[in-house]
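As structure tokens, the structure follows; a few thoughts come after it.
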Amino acid sequence: MRTSRSCAGLSFKSQALYAVVYIARYLDLLWGNYSSLYNSLMKLFFIGSSLSILYLMKVKFKPTHDPNIDTFKIEYLLFGSFIMSLIFTYKYTIPEILWSFSIWLESVAILPQLFMLQRTGDAESLTTHYLFALGAYRALYIPNWIYRWLAEGHVDPIAVVAGIIQTVLYSDFFYIYYTKVMKGKKFELPQ
């Protein structure tokens, strides 16, 4: 964003949901859940970078963001994720419910961005690469789960189900990304 001096094509609502995901997941920093300096710094980095993106989109590059296109009703995602976190949690403690909420919300946080992409029909190259990186990051969890199951005999069912949901949501985007962008063409949705 800083290089192009624009946030055109990015969904503020998706970015806000990711900020909520990281804040809810890493709020354990306040309860003294310390495992290492690296882990704590990475948690602060995720929260800080998410909030920084929101700042850039709302303040510095506000004229380049079109809220008339970014119209997905995120209330449904927040409410649904909250309900799922109450139903599917390992313990009924605030930290555990917040963690579960963050997992469920992360699985659907990309929907406003995908909805916005569908409304416009095309996207800038940087936006498509960014979306691909977000999806690839989550898809790479799948080999990690397989490894943990084989090496440790354990997988986290909540994280696996939510990750599969998120990967499925990305699947159509991945297909179009592969057939268009990877072959040097402009990203456009089929008519």
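A few comments on the model shown:
- The C-beta contact set for region 118-137 (first residue farther than 17 Å from T64 by Cβ, second residue charged (D, E, K, R) and open to solvent by 30 Å² or more (accessible area, probe 1.4 Å), distance under 8 angstrom, 6+ apart or interchain) comprises G121/E188.
- Considering I83, I103, the condition of being farther than 19 Å from G9 by Cβ, in a helix (DSSP H, G or I) and in contact with a Lys or Arg (Cβ under 9 Å, 6 or more places away or on another chain) is satisfied by I103 alone.
- Qualifying positions in region 155-191 - outside any helix (DSSP H, G or I) and modelled with pLDDT under 90: V155, K180, G184, K185, K186, F187, E188, L189, P190, Q191
- Members of region 116-140 that are farther than 23 Å from K183 by Cβ and open to solvent by 70 Å² or more (accessible area, probe 1.4 Å): R119
- Tally, over region 61-77, of residues that are loosely packed, with under 15 Cβ neighbours inside 10 Å and either small (G, A, S) or in a helix (DSSP H, G or I) (or both): 4
- Cross-chain or 6+ apart pairs with Cβ under 7 Å, region 25-43 first and in contact (Cβ under 8 Å) with a residue 24 or more places away in the chain and assigned to a helix (DSSP H, G or I), then open to solvent by 50 Å² or more (accessible area, probe 1.4 Å) and not polar (S, T, N, Q): R25/W99; D28/P95; W31/P95
- Unmet requirement for K180, which otherwise passes all of (1) within 25 Å of I74 (Cα to Cα); (2) surrounded by 16 or more Cβ atoms within 10 Å (Cβ to Cβ): (1)
So that you can scan it fast, the table gives a plain yes or no per residue for (1) closer than 30 Å to K186 by Cα; (2) of a type in the set (A, V, I, L, M):
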| position | (1), (2) |
| --- | --- |
| E96 | no, no |
| W99 | no, no |
| I103 | no, yes |
| E106 | yes, no |
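- Condition broken by D70, with the remaining ones in (1) acidic (D, E); (2) in contact with a Phe, Trp or Tyr (Cβ under 7 Å, 6 or more places away or on another chain); (3) more than 20 Å from F115 (Cβ to Cβ) satisfied: (3)
- Scanning region 1-56 for residues that are in contact with a His (Cβ under 8 Å, 6 or more places away or on another chain) and either aromatic (F, W, Y) or open to solvent by 60 Å² or more (accessible area, probe 1.4 Å) (or both) yields a single hit, F12.
The values are calculated or read from the model by the stated rules, or taken from the named source; none is laboratory data. Values in this document were obtained by computation on a predicted structure and should not be read as measured data. Positions of Cβ are backbone-derived with ideal geometry, glycine not excepted, and every protein chain shown enters the neighbour counts. Keep in mind that these areas ignore ligands, DNA and RNA; they rest on the heavy atoms of the full protein, side chains included. Shrake-Rupley method; radii C 1.70, N 1.55, O 1.52, S 1.80 Å.
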